[in-house]
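Okay, structure first, notes after.
The values are calculated or read from the model by the stated rules, or taken from the named source; none is laboratory data. Quick caveat, the model's predicted, so the values are computed rather than measured. Cβ sites come from the backbone with ideal geometry, for glycine too, and all protein chains shown count toward neighbours.
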Amino acid sequence: MAATTLGRRAGTRFPAWRADVLIVGAAALLLGYLTLVPLALLLLGSLSSGSSALDFQFTLANFQRVLTDRASLELLANSVMYGVGSALFAFAIGTGVAWAVERSDIPGRSVWYGLALVPLIVPGIVHTIAWLFLLSPNIGWINAPLKELFGVTLSVYSLPGMIWIEGLHTAPLAFVLMSAAFRTMDPSLEEAAATSRANPWQSFRRITLPLLLPTAASVLLILFVRAIEGFEVPAIIGLPGQIYVYTSRIYTSLNQYPPNFGLSASYAMVLFVISVAGLLLHNRMVRRTERYATVTGKAYRPRRVELGRFRIVAIAALGLYALVAIALPLLVLIYASLVRVYTVPSLETLGELTLKNYEFIATDELTRRALGNSLLLGAAAATVVVALTAIIAWVTIRTKAPGRGMLDFLAFVPITIPGIVLGISLIWVYFTVPIRIYGTLWILLVAYVTRYLPYGIRSASAGIVQIHRELEEAAAAAGARWWPTFTRILLPLLRPALVGAWIYIFIISLRELGSSVLLYSSESVVLAVRIFDLRDSGNYTTIAALSVLLIVLLVVLVAILQRLGGRTVREA
Amino acid sequence: MLQVEALRKTFATDRGGVRAVEDVSFTVEDGRFFTLLGPSGCGKTTTLRCVAGLERPESGTIRLDDAVLSGLGRFVPTHARDIGMVFQSYAIWPHLTVFENVAFPLRVTEHPPAKTETKRLVEEALALVGLEGLEERPAPQLSGGQQQRLALARALVRRPKILLLDEPLSNLDAKLRERMRIELRQLQRRLAITTIYVTHDQGEALFLSHRIAVMQAGRIVQEGAPRDLYRAPASGFVADFVGEATFLPGEVTTGGLRALGGVVTCALADGLAPGDKGLLVLRPENIVVRARPAGLPNEFAGVLRVAAFLGDRLDCVIEIGDLFIRARAHTTTQLRRDQEVWVEFPVEHCTAIADDGWRPRALARTFDDEDS
């Protein structure tokens, strides 16, 4: 019966077991401290003219400057153009590939599907560096022949250059979301159009397109938010090219002398507000789409368009995409990691390949420390997040403790906080509260745990929801108390979801740059920051070697994750 | 013996409290098969879950023999109740083997039996349901019917005082359901285990039960043996829910009911007096259809609208005035669609009851019969 199987079971007058209330209270305090306190202090900071975080002097000057002065308006324009441009570019590529894979009869579908996902593994900073090698005005692989043949160069240090790199990097996300949309669309809707005597073009224009529009809009919003939140491209390409967007401006206003905390906090607030607005709008659209109920979550056998003689064109286009998005960046990184000085490859340079960059990494103390720190932080953040969110998810889904809905909300708040905004917020927090962890690994751990709470809660909730409530009730009916039920029934069933979440968080921790770059010290340096710093010292070939190692490490982790994923599917 | 008294339970919903179970009382004697029957949302599953301790009732008491399970300030948690339960989804633990699933209830008790004893009890339980030899099979590899047997074995392995079954057959296909209900009936009669069964399927309820309680909107509206429920339903709702029926509402007169433009001769239920609103419940198998009038009482002329061949009988719908009457006729009867027929409601099958306003879902005014 519906009324009893749904999670709504409030209203008993018996005094319930109150331990769940204690857990909710403790978790709410912790989550509030992790998510709301940083945002509150960030707001406070943006309203202060004090030169440090502790002397608060109220002012609106920061906001006035951020919202009215010419440079700031230019910043807004740049950010919007950058965000919209990369979103559109990524969407165009992702949707095109998704359509070919899901809705056309292109051969080798699963191969293309796998290839389209590969760029997801490559961290943003590595991807950006690779494109620097390819499109650098003087020595880029692509520019050198262009210059020789046509006398022109494509400058990567431009807004189009930034859009190109960011768009290529987020295209796989667009691909994943759009191919899901294509796959979950009921083909009988199109078949009904066909039987109503609509020709293929009419049925595409009047049925398929309108049905996909809400999804497309929500995907564009996600891509937009991702782009304006990103730090890698604006920092590595934008800063030398003097094209500023919010994330890079937050960084520079903190790294100038003296640092302008108030101003950077105001920029961060603006970025935060844009990001929240984008995600709220996205959620509304998704809800509306769900009301349409064309996306049912059910996978259909889709109608595939026969490409006919355009098949060759489609294969060539996808092949070109794979070459540009995967092969070129990887090749250039591997090549650069094996030479002493980066130049356009020739027979001469190929004859002088060396492993000295890898030797440098193996012996450089800072790099080794960064590797150790990254692994340690990743493991710690993953463990904390998974343990915390498993308990929170269980309480929110399985109990009727008051306030459990708020827990869920709090755990999701960080998804709206861009990494660099969280970074500056945490600076404010730990300059203010008397907990001396600034400059240590602990503050990075706090940042990572906060950032990845939403991933943990999503995965744990999904895991618990999939475990039929009756499996736990059957244990009670079989005479098992709470603890044996938890350890012998729930945890074993939840293990695949938890292990999957652990590895996923470990992986994205290894790539984190936005928060880390504001919070690290030479003691607490991490891999992504180390790459960022080596670039400052112009040590490009070492960066390439480090990037290659990072990719290898991530590929291994992803392979483990996929193997686990396969097992989860079989067990389910 | 299980006694439930004045049980109440409400659920909060978006629109405020909705009473799920209201003042439900019943007693299940030892060894009997007791069924809670009703449409979805009538409170039958909630009642069962209160007995299991999976829900906390707001008031009322539940007693098993002399012990109070719930009420009078006490609430025994599920794991401490001497019950076995089969869930609608079976709730087979997918990470355990068949053996481990059945052994679980033995292993989590305060004094688990020795290994050999556990093995013996598990094998015994599996043999009861015909799953011997599948001990080492991972549970998810079982078919739907086998999972259902496994769930039963797991519920029985501790030899509980009372067995609770929550729509256990509803996830099986029709053929398997038929077979399982025969096996379930035989097993319960053989073990003589006190059983509470929840279903919305009146056929299952009639087939399996010693006693049935029909529930409507959180209350038990009638309780009795299957035969009594079918023959003497207390209300239109019960008549409609248990078995098929045509309703003949009308004003009660002395010795009959004013309906169909005349008076239908019938007995009157207790408490029914001339002038009351009455209801005559006509079971299809009790109605006689003829091509010619026989000159018997309670005979009415009508038009045959549907005569569908169902193998062992003809299913008929006869239009009399603004009423459609469902009847059965022998397959050898020579009847044509749209011909005039005479239907007889034999007096011995006619008892008027008080009209509770309940009506079966009406047949559409216009319909085309498929070729019969």
Subject >> Counted residues, the range B:186-222 - those being in contact with a strand residue (DSSP E or B) (Cβ under 6 Å, 6 or more places away or on another chain) and over 19 Å from B:Asp166 (Cα atoms) >> reply: 2
Original post:
If you go through the range B:183-218, how many residues are at pLDDT below 95 and more than 27 Å from B:Gln146 (Cα to Cα)?
Top reply: 3
Subject >> Where a residue in the range B:103-114 is at negative phi and its partner, wherever it lies, is assigned to a loop (DSSP other than H, G, I, E, B) and of a type in the set (Val, Ile, Thr), with Cβ under 9 Å and at least six apart >> reply: B:Ala103/B:Val157; B:Phe104/B:Val157; B:Pro105/B:Val157; B:Leu106/B:Val157
Subject >> Sole exception among (1) within 19 Å of B:Met180 (Cα to Cα); (2) more than 13 Å from chain A (Cβ to nearest Cβ); (3) within 28 Å of the chain's Cα centre (by Cα); (4) aliphatic (A, V, I, L, M) for B:Leu134, by number >> reply: (3)
Original post:
Which residues, taken from the range B:217-266, are in contact with a Phe, Trp or Tyr (Cβ under 6 Å, 6 or more places away or on another chain) and in a loop (DSSP other than H, G, I, E, B)?
Top reply: B:Val242, B:Gly243, B:Leu260
Subject >> helices (runs of 4 or more DSSP H) enclosed by the range A:157-228 - at least 2 residues per element that are at pLDDT 85 or above, more than 30 Å from A:Pro240 (Cβ to Cβ) and aliphatic (A, V, I, L, M) >> reply: A:159-183
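From the list B:Leu134, B:Leu126, B:Leu184, B:Leu172, which residue is free of Cβ contacts under 8 Å to residues at least 40 places away in the same chain, over 29 Å from B:Gly53 (Cα atoms) and surrounded by 15 or more Cβ atoms within 10 Å (Cβ to Cβ)? Walk me through how you get there before you give the answer.
Values: B:Leu126 fails: over 29 Å from B:Gly53 (Cα atoms); B:Leu184 fails: over 29 Å from B:Gly53 (Cα atoms); B:Leu172 fails: over 29 Å from B:Gly53 (Cα atoms).
B:Leu134 is the lone residue from the list that is free of Cβ contacts under 8 Å to residues at least 40 places away in the same chain, over 29 Å from B:Gly53 (Cα atoms) and surrounded by 15 or more Cβ atoms within 10 Å (Cβ to Cβ).
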**OP:** Check the range B:80-91 and report whether any residue there is away from chain A (no Cβ under 13 Å) and assigned to a strand (DSSP E or B).
**Re:** no
Subject >> Out of A:Thr487, A:Thr432, A:Thr416, sole residue that is among the hydroxyl-bearing types (Ser, Thr, Tyr) and within 14 Å of another protein chain (Cβ to nearest Cβ) >> reply: A:Thr487
Subject >> Matching residues, the range B:152-166, being within 21 Å of the chain's Cα centre (by Cα) and either at the interface with chain A (Cβ under 9 Å from one of its Cβ atoms) or free of Cβ contacts under 8 Å to residues at least 24 places away in the same chain (or both) >> reply: B:Leu164, B:Asp166
Subject >> Residues (at the interface with chain A (Cβ under 8 Å from one of its Cβ atoms) and at pLDDT 90 or above) located in the range B:94-115 >> reply: B:Phe104, B:Pro105
Original post:
If you take the residues of the range B:49-79 that are buried (at least 23 other Cβ atoms within 10 Å of the Cβ) and assigned to a strand (DSSP E or B), which of them is nearest to the other protein chains (Cβ to nearest Cβ)?
Top reply: B:Ser70
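Aliphatic (A, V, I, L, M), farther than 28 Å from B:Ala205 by Cβ, in contact (Cβ under 8 Å) with a residue 24 or more places away in the chain and surrounded by 21 or more Cβ atoms within 10 Å (Cβ to Cβ), is that true of B:Val341?
yes
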Subject >> Spans of helices (runs of 4 or more DSSP H) in the range A:458-544 with at least 2 residues surrounded by fewer than 24 Cβ atoms within 10 Å (Cβ to Cβ) >> reply: A:469-477, A:491-511, A:527-536
Original post:
Which of the residues spanning the range A:365-421 are among the aromatic types (Phe, Trp, Tyr) and either touching a residue at least 12 places away in the same chain (Cβ under 8 Å) or on the phi > 0 side of the Ramachandran plot (or both)?
Top reply: A:Trp394, A:Phe412
Original post:
What residue, among those in the range B:38-47 that are under 14 Å from the mean Cα position of the chain (by Cα) and assigned to a helix (DSSP H, G or I), is nearest to the other protein chains (Cβ to nearest Cβ)?
Top reply: B:Thr45
